[in-house]
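What follows is a structure written as structure tokens; I'll ask about it next.
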Amino acid sequence: MGKSLNELIDLYKKESRCVFDNIDNENIIKLINLIFNAYKNDNCVFCCGNGGNAGFVGNLVSDLSLHPFVMEDKSKRFKSEKRLRVFDMCVQNTSITGIMNDLGPDFIFSTQLEIHWRKGDTIIGFSGSGNSKNVVEAFKVAKSRGINTVLISKNLRGKCEDYTDLGIEIKGISTFPGQTGKNNNNFHFEDVLAKITHIVTGILKEKIQNEIKS
């Protein structure tokens, strides 16, 4: 007899806590510093991912571009015109479909990067497997142009490894329905993408607003 609904929910909660607790805080701190430096130096943070991960890219881009620049008292305007430049590489429909038609799907991110990059920029790639071909191609371009590369993945030893400057690994084993086989730990992986986004955004907001006050 299978697990009850309560048992399955408790299993998900337990697994999720273990996955999140396994993340190395130091690597999250390094990511925060990379993004803060991009803000200070007027560099851009490019973000990419596939499928469900693309949705979390959108969340990351929205949070980074807006939330650090909203006052706690929303009736007051943010005092600085300076903003963090963030680029969602998953939403440019005409560019993506044009690149796919002319060059193929492996180049939808790398070609956008070739168009918009500047030295000192940062690219963040979400890839559960660490082998996503279009993320690999984007990282190759980044490494050849002095762009910082950040991989957030279940597997840091995949095809992205040789082109990754900073890796954040989301490790875990799951027996929850829908997360077995090749999808092992996928729900928890995506949950943690949101958690990392919120940690980075909250701390970045504090750092940026403290700098403006000083």
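Going by the conditions given, is residue 50 assigned to a helix (DSSP H, G or I), in contact (Cβ under 8 Å) with a residue 12 or more places away in the chain and within 26 Å of residue 108 (Cβ to Cβ)?
On the way: assigned to a helix (DSSP H, G or I): no; in contact (Cβ under 8 Å) with a residue 12 or more places away in the chain: yes; within 26 Å of residue 108 (Cβ to Cβ): yes.
Taking the combined requirement at face value, the residue does not satisfy it.
Let me ask another. Taking the options 76, 3, 82, 30, name whichever one is among the basic types (Lys, Arg) and modelled with pLDDT of 95 or more.
Values: 76 fails: modelled with pLDDT of 95 or more; 3 fails: modelled with pLDDT of 95 or more; 82 fails: modelled with pLDDT of 95 or more.
On inspection, the qualifying residue turns out to be 30.
For the stretch 181-202, which positions are open to solvent by 70 Å² or more (accessible area, probe 1.4 Å) and under 12 Å from the mean Cα position of the chain (by Cα)? Break it down stepwise before answering.
Step one: filter the stretch 181-202 for residues open to solvent by 70 Å² or more (accessible area, probe 1.4 Å), giving 182-183, 187, 195, 198.
Result: 195, 198.
Which ones in the stretch 37-54 are in contact with a Lys or Arg (Cβ under 8 Å, 6 or more places away or on another chain) and either aliphatic (A, V, I, L, M) or open to solvent by less than 40 Å² (accessible area, probe 1.4 Å) (or both)?
Start the filter on the stretch 37-54 by keeping residues that are in contact with a Lys or Arg (Cβ under 8 Å, 6 or more places away or on another chain), which leaves 38-39, 42-45.
Across the stretch 37-54, the qualifying residues are 38, 39, 43, 44, 45.
Something else: Report, by residue number, each residue of the stretch 5-36 that is polar (S, T, N, Q) and open to solvent by 50 Å² or more (accessible area, probe 1.4 Å). Spell out how you get there, then give the answer.
So in the stretch 5-36, the residues polar (S, T, N, Q) come out as 6, 16, 22, 25, 27, 33.
Listed by number, the residues that qualify are 6, 22, 25, 33.
Here is a follow-up. For the stretch 24-47, which residues satisfy the criterion of being part of a helix (DSSP H, G or I) and among the charged types (D, E, K, R)?
Here is the first cut: in the stretch 24-47, the residues part of a helix (DSSP H, G or I) are 25-40.
Residues satisfying the conditions are 26, 30, 40.
Among the listed residues 63, 42, 10, identify the single one that is modelled with pLDDT of 95 or more, touching a helix residue (DSSP H, G or I) at 6+ places or on another chain (Cβ under 8 Å) and not aliphatic (A, V, I, L, M). Give the derivation first.
Details: 42 fails: touching a helix residue (DSSP H, G or I) at 6+ places or on another chain (Cβ under 8 Å); 10 fails: touching a helix residue (DSSP H, G or I) at 6+ places or on another chain (Cβ under 8 Å).
Step by step, each of 63, 42, 10 is checked, and only 63 is modelled with pLDDT of 95 or more, touching a helix residue (DSSP H, G or I) at 6+ places or on another chain (Cβ under 8 Å) and not aliphatic (A, V, I, L, M).
Quick check on the stretch 55-67. Is at least one of its residues free of Cβ contacts under 8 Å to residues at least 12 places away in the same chain, among the hydrophobic types (A, V, I, L, M, F, W, C) and either more than 28 Å from residue 154 (Cβ to Cβ) or surrounded by fewer than 18 Cβ atoms within 10 Å (Cβ to Cβ) (or both)? Steps first, please.
Going residue by residue through the stretch 55-67, those that are free of Cβ contacts under 8 Å to residues at least 12 places away in the same chain are 55, 62, 66.
Of the ones still in play, those that are also among the hydrophobic types (A, V, I, L, M, F, W, C) are 66.
If we keep only those that are either more than 28 Å from residue 154 (Cβ to Cβ) or surrounded by fewer than 18 Cβ atoms within 10 Å (Cβ to Cβ) (or both) as well, we get 66.
Checked the stretch 55-67: at least one residue is free of Cβ contacts under 8 Å to residues at least 12 places away in the same chain, among the hydrophobic types (A, V, I, L, M, F, W, C) and either more than 28 Å from residue 154 (Cβ to Cβ) or surrounded by fewer than 18 Cβ atoms within 10 Å (Cβ to Cβ) (or both).
Please specify each residue of the stretch 92-121 satisfying the condition of being under 16 Å from residue 140 (Cβ atoms) and of a type in the set (Asp, Glu).
Across the stretch 92-121, the qualifying residues are 106, 114, 121.
Check residue 212 against each of (1) in a helix (DSSP H, G or I); (2) open to solvent by 20 Å² or more (accessible area, probe 1.4 Å); (3) over 20 Å from residue 38 (Cα atoms); (4) of a type in the set (A, V, I, L, M, F, W, C) and name the one condition it does not meet.
(3)
Sticking with this one: Restricting attention to the stretch 158-199, report how many residues are under 25 Å from residue 142 (Cα atoms) and touching a Leu at 6+ places or on another chain (Cβ under 6 Å).
So the count comes out to 5.
The values are calculated or read from the model by the stated rules, or taken from the named source; none is laboratory data. Remember, predicted model here, so these are calculated numbers, not experimental data. Neighbour counts are summed over all protein chains in view; Cβ atoms, including those assigned to glycine, are modelled from backbone coordinates with ideal geometry. Keep in mind that these areas ignore ligands, DNA and RNA; they rest on the heavy atoms of the full protein, side chains included. Shrake-Rupley method; radii C 1.70, N 1.55, O 1.52, S 1.80 Å.
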